[in-house]
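Written below as structure tokens is the structure these notes are about.
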Amino acid sequence: MMIMTYPLFIVTGISGSGKSATSLELQKIMVDFNVFDMDLIVNNDDYQTACDNWLKVAYYSAYSGRNSVLFGNVPDPYNVEICDHFPLFNPVHYLHLYCNGEARTQRLSARGKWTADSINYMNELSENLVQEAKTSVPPIPTIDTSTTSPPQVAKLIKQWIMEKLS
């Protein structure tokens, strides 16, 4: 028996990179797609269960004709590759959002719950993740959200998705 697989689009980035703001904008311009901010259904910091549930929703949506775009900090704390439904997606396309340290510091400081040490850690981690994206095989495309508005980032993501689907 042949199993049907479907494409999946995952937009990654660490805290402050613009995932949530961009996901809201992408929902407005990609109405034929499901666009999900993976953080919305996390309970008790159980990111992996939320990830499993998102992949189930994405699979059954694809099965009925609607592709999905998941926004989340993949691979940590969301490890999609160990989810039961992950093998049902092929190809899986990744895109990485990032911003410079100044923008992230402003964004995370505005949230109120971030300390200077945790913001500095995120800024250092971000630089490492951008380098990993560039050197991965295949390279993961990146979008700098430092000065690009969420509506413009959403347009760039839509263009990337449409190129992958053609």
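No value in this document is a laboratory result; all are computed from the given coordinates. What you see is a predicted model, and the numbers here were worked out from it, not measured in a lab. Here the Cβ positions follow ideal geometry from the backbone for every residue, glycine too, while neighbour counts run over all protein chains shown.
Distant-in-sequence amide contacts of Val35, defined by a placed amide H-H separation under 5 Å and a gap of 5 or more residues or a different chain, comprise Val69. According to the Kirkwood relation over distinct C-alpha pairs, the hydrodynamic radius of the chain is 16.3 Å. Taking 0.36 nm per residue of sequence separation and removing the Cα-Cα distance, the Asp144/Gln106 pair yields an extension gain of 12.1 nm. Across the stretch 65-74, computed HN-Hα scalar couplings (Karplus, 6.51 cos²θ - 1.76 cosθ + 1.60, θ = phi - 60°) run x, 10, 6, 10, 10, 9, 9, x, 7, 9 Hz from first to last residue, x flagging Gly and Pro. Near Thr142, the amide H atoms lying under 5 Å from its own belong to His96; only residues 5 or more places off or on other chains count, and H is placed 1.01 Å from N. Placing dummy labels 7 Å off each Cα toward the beta-carbon, the span from Gln131 to Ser64 is 4.5 nm. The ellipsoid that matches the Cα gyration tensor of the stretch 92-166 has semi-axes, each √(5λ) in whole angstrom, of 26, 16, 8, with the longest given first. For the stretch 93-166, applying the loop criterion from DSSP together with a ceiling of 12 other beta carbons within 10 Å to the trypsin sites (Lys or Arg not before Pro) yields Lys113.
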